[in-house]
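A short write-up of the structure that comes next.
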Amino acid sequence: MDEKKEIPALLAAEDESKRQLFALAFWDNIAHRSLNPVEVADVVVALEDLFDERTVQNDFLPRLGVPPKPRFLRRCRAIARLPESARALLARGKMDGETVDLLGRWQVEEVDRLVSMAEKVSVNRNKLKEIVALTTDLAGRDRTSPAELLSLIAEQHPECLESAAAWRQQLEEWMYPFLATAEDRFQVWHQSLPLTKNMKIVPPPAFEGSTYTLQVNFRDAGQWQAAVERLTSLEVEKIHELFSR
């Protein structure tokens, strides 16, 4: 405690404005480190309060890497309003800007619960975006709320709390019930075929269209011959059955 310590400091005169001090702090920080998305958003919101639009867009946004377009500025304002749980997720790179845009329609409590559930299954940013998009679309279609959908997932489908893929799949089944039915029927039909393990029939995406693909994986001539024999033994009626569904 007896040792002298030197602490570098920037002293401001009494007549310096908040605007001058903020600009001084901005350039001092930006020269020494990069900012995460949450810090960038908070800085943009503060800049909009202190400076005119032209100054913000010409002097500060280029240095922050923020395009001077309305949607990016709205995103920054949305980030500033997010609960701390979601802001922490965004700062760690576990959430992207498009997800933030979708969450702008959610209540704070709903976002908090979503993050809590997502943290338990270690969902990556792409799956999180898909889950948020599906939940938002479902809430709009069924005139319900994200909170009710999150409750249904937690209470009736506990497997979704262990797997992000299961969570997304359940939402897709709710969103596209006819697609889920078509998928189930196709799987039953596919399992009834006398195919070898290295053969697979792939349906068109979302069962839109009539082009099906046959995949055959083989390591040697024997596997290839076995696949050919199974394929030639396949009854034509089975294929007709597929296209008559």
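Observations, loosely collected:
- When you filter the GluC sites (Glu not before Pro) in segment 84-172 for DSSP loop state and at most 15 other Cβ atoms inside 10 Å of their Cβ, you are left with Glu162.
- Listed by number, the DSSP H helices of the chain that run 24 Å or longer by alpha-carbon position along their axis and have mean Kyte hydropathy of at least -1.0 are 125-142.
- Cβ-derived FRET efficiency at R0 35 Å, Arg143 paired with Asp184, nearest 0.05: 0.80
- The calculated FRET efficiency for Ser17 paired with Ala88, based on their beta-carbon distance and R0 = 30 Å, is about 0.40.
- Loop-resident trypsin sites (Lys or Arg not before Pro) (DSSP state other than H, G, I, E or B) in segment 139-215 with no more than 12 further Cβ atoms inside 10 Å of their Cβ: Arg143, Lys197.
- Volume of the Cα convex hull of the chain, divided per residue and given in Å³: 259 Å³
- Straight-distance crosslink candidates among lysines, where the alpha carbon sits under 17 Å from Lys129 and sequence neighbours closer than 8 are dropped: Lys94, Lys120
- Summing Cβ point charges (Lys, Arg +1; Asp, Glu -1) relative to the Cα centre of the chain gives a dipole of roughly 620 debye.
Throughout, read-outs are computed from the coordinates displayed, never taken from laboratory work. What you are looking at is a predicted structure, and each value in this text was computed from that prediction instead of being measured. Because the Cβ atoms are built from the backbone with ideal geometry, glycine has one as well, and the counts that use them run over all protein chains shown.
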